[in-house]
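*Asks:* Let me begin by handing over the structure; questions about it come next.
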Amino acid sequence: MGVIRGVSSLLGGVLGLVSGLLRGVLGLVLALLAAVLLIVAVLLCVTIVLLPLGVPLAAFAVRLFGQAVQLILPGSSGVERRLRSFESALLGRRRDNRAFRIKSFRRP
C-alpha cells in the first residue's frame, strides 16, 4: 500500500505541474491575443466611421484579459481564497463597526 500511495502522489504531482504549466502558457497566449485585439480596437475607435466595430471588439478583448488572468493565477486554493478572506475581513470590520454603532444607540 505504501508504494502505491507513493507512485500515486508522484503522478499527481507531475500531472499538477504539467497542468499548471499548460494553464500558464495558455494564459499568456490568450493575454497576447487580447492585447493585439485591444490595439486593433483602439485603432478602429480612432477612425470614427469604424467606431461601432471598435467598441465591441474592445469589450471582447477586456473579457479575454480577464479569462487569461483567471488561467494564469492559481484557483480558489491560492490567490482567490486569500483575496476573499482579505476582502471579507475588511468588509466584516466595517459591518461590525456599523452594527456596533446601531446597537449602541438602541440600548436604553
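Derivation of every value follows stated rules applied to the coordinates shown; laboratory data play no part. In this text the structure is predicted, and so the values were computed from the model without any measurement. No Cβ is skipped: glycine too gets one built from the backbone with ideal geometry, and neighbour counts run over all protein chains shown.
*Asks:* What is the calculated FRET efficiency for I39 to V18, with r their C-beta to C-beta distance and R₀ = 41 Å, to the nearest 0.05? Display every interim value, and only then the final one.
*Replies:* Values: r = 32 Å, r/R0 = 0.78.
About 0.80, to the nearest 0.05.
*Asks:* State, to one decimal in nm, how far the label point of R84 lies from the label point of V69, with both points 7 Å from Cα in the Cβ direction.
*Replies:* Taking the two extended label points, one gets 1.7 nm.
*Asks:* If neighbour count is taken as other Cβ atoms inside 10 Å, put I48, I72 in order from fewest to most.
*Replies:* Working: I48 9, I72 17.
The most exposed by this proxy come first: I48, I72.
*Asks:* Quick one: give the max-minus-min coordinate of the C-alpha atoms of the stretch 22-73 along each principal axis, largest first, in Å.
*Replies:* Its Cα atoms span 40, 13, 10 Å along the three principal axes.
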